[in-house]
Every structure is written in C-alpha cells, then in structure tokens.
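Here is the structure we will look at, set down as structure tokens.
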Amino acid sequence: MITLALSKGRIFEETLPLLAAAGIQVLEDPEKSRKLILPTNRDDVRVVLVRATDVPTYVQHGGADIGVAGKDVLIEHTGSQEGSDGLYQPLDLNIAKCRMSVAVRADFDYAAAVKQGSRIRVATKYTAIAREHFANKGVHVDLIKLYGSMELAPLTGLADAIVDLVSTGNTLKANKLVEVEEIMQISSRLVVNQASLKLKREAIRAVIQAFESAIPQ
Ligand code: AMP
C-alpha cells in the first residue's frame, strides 16, 4: 500500500492531473466527504487528507509514504532551505504557485524604515522565512507569530509589515496593503519518506516518474 498525504484545496486540485498521469483516480471529493482517508481506483494507493503544514510531518515519520507540500511549508518545517532527515524532495511540481512577499500599509515608508535601520515589527506565520530574509538584508525586526489573517496586523497597529503568500494580490488590495518586496517564488514539491523509497522502491519510482512527465510548464 502506498499512502499519499495531500491537503485540501489548491494542492489537492492541482495534484489530480499528476495522479491521473500515474493512473490514479481519487474516488471521493474531499469537499463533499468527511472522510480523512480517501480510496482510489487502485487497491494499493490511498490518499490521506491532512493540514498543509502537517504534510512534511506525516511523510517524514512514515504516516504517509509520499506527499505534496508547498516550498513555504517545507522551509518552515525544516527551519531552513537545507532539507531534513528522512524527507526526500525529488521534484518541484510547479503547482500551487505564488510568491512570499513583504507587504505594508500604503502610508508606511518601508524603504525609509529599512534605510534608517529602524526596528520593524513584522507579523507572519512564516517566521523561519522572515527571519532569514531580514537577517540576510541586515534589517532588525521583531517577529510576531500569527496563525492567520496576517493582513489585519498592519491595519490595527500590531505590526508595521507582514510576510505572507501572495497569488493574485487581491487579498492585499482588499485590505489596502501594498507589496514592497518579493522574498521568493513558491511552488509545491513532491516529498517522499526515505525508508519507503527503499522498501517500496518500484511503486514509488513509478509514481515519481509519472508525476515528472506531467509537471505543468
Ligand atoms: P491572493 O488574494 O490571490 O493574492 O491570495 C492571497 C491569499 O491566499 C493569502 O491569504 C495567502 O495566504 C493565500 N494563498 C495564496 N496562494 C497560496 C498557496 N499557493 N498556498 C497557500 N496559500 C495561498
């Protein structure tokens, strides 16, 4: 049995064509079902639904053999861009693309604050990425960890800036925030448990190869 960990929403939707290329069809719609283990058309493959941030944990510790996780989630999981023990990242799937950016209120002069060497209060869910980014720039920041609705932080005076994922930019615009710096491009990667790769080599290699052949350009 191969267990594949996916999160609901964009990653699930954009992984379906890759699964199709591997001859795998998920038999239930996660938006309609309450089941956390979804059967597929193949008796030897099942999908488990987990929170996006839990995908690396499931795969690293063998709760799933393979998974799909955003680069943002993987960096936050390992605390750096180095990778982590037991978690093999063979493919950038080029799906669920967006960017990690710094955004501020339109009336906050970010460039001046950086230039003057002021301490900037930054609210984010992505503390590892933010810490590394500002350390590399030599900017002093006080990081404020949030778990959601980051856009609210500059509007309420909790922070001067946020570090968040941006796709269309509509969420920032709706909250009168402006993007002032792109930190990195984000896409989702295939992650594989290293022990599974040895023990279920043939089956997992086949999935990796099929996914690779179907990566969108
Ligand atoms: P947008 O309004 O299209 O710029 O989308 C921004 C919102 O969607 C932010 O709240 C992000 O946290 C979230 N978001 C955008 N793209 C992704 C992604 N690939 N993965 C997870 N969250 C995302």
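The values are calculated or read from the model by the stated rules, or taken from the named source; none is laboratory data. In this text, all values refer to a predicted model and were calculated from it rather than measured experimentally. Reconstructed Cβ throughout: ideal geometry from the backbone, glycine too, with neighbour counts over all protein chains shown.
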Tally of residues being under 18 Å from ALA64 (Cβ atoms) and surrounded by fewer than 16 Cβ atoms within 10 Å (Cβ to Cβ) across the stretch 203-216: 2
Residue satisfying all of: in the stretch 1-16; away from the ligand (no atom under 16 Å from the Cβ) and either under 17 Å from PRO216 (Cβ atoms) or surrounded by 16 or more Cβ atoms within 10 Å (Cβ to Cβ) (or both); farthest from the chain's Cα centre (by Cα) among these: ILE2
Subset of the stretch 117-163 [more than 27 Å from SER187 (Cβ to Cβ) and free of Cβ contacts under 8 Å to residues at least 12 places away in the same chain]: GLY138, THR156, GLY157
Filter result (polar (S, T, N, Q), within 12 Å of the ligand (Cβ to nearest atom) and over 21 Å from ILE24 (Cα atoms)) within the stretch 170-217: ASN170, THR171, ASN175, GLN185, SER187
Lone unmet requirement of (1) in contact with a strand residue (DSSP E or B) (Cβ under 9 Å, 6 or more places away or on another chain); (2) surrounded by fewer than 18 Cβ atoms within 10 Å (Cβ to Cβ) for ASP109: (1)
Residue check, VAL166 in contact (Cβ under 8 Å) with a residue 12 or more places away in the chain, surrounded by 13 or more Cβ atoms within 10 Å (Cβ to Cβ), of a type in the set (A, V, I, L, M, F, W, C) and in contact with a Lys or Arg (Cβ under 6 Å, 6 or more places away or on another chain): yes
Residue check, GLN185 surrounded by fewer than 16 Cβ atoms within 10 Å (Cβ to Cβ) and assigned to a strand (DSSP E or B): yes
Tally of residues being in contact with a Phe, Trp or Tyr (Cβ under 8 Å, 6 or more places away or on another chain), outside any helix (DSSP H, G or I) and either among the polar types (S, T, N, Q) or more than 6 Å from the ligand (Cβ to nearest atom) (or both) across the stretch 152-169: 3
Extreme residue, modelled with the lowest pLDDT, among residues of the stretch 27-80 that are surrounded by fewer than 18 Cβ atoms within 10 Å (Cβ to Cβ), among the small types (Gly, Ala, Ser) and within 18 Å of the chain's Cα centre (by Cα): SER80
Check on ALA20, small (Gly, Ala, Ser) and in contact with a helix residue (DSSP H, G or I) (Cβ under 8 Å, 6 or more places away or on another chain): no
Complete set of residues in the stretch 129-151 that are in a helix (DSSP H, G or I) and within 16 Å of the ligand (Cβ to nearest atom): ILE129, ALA130
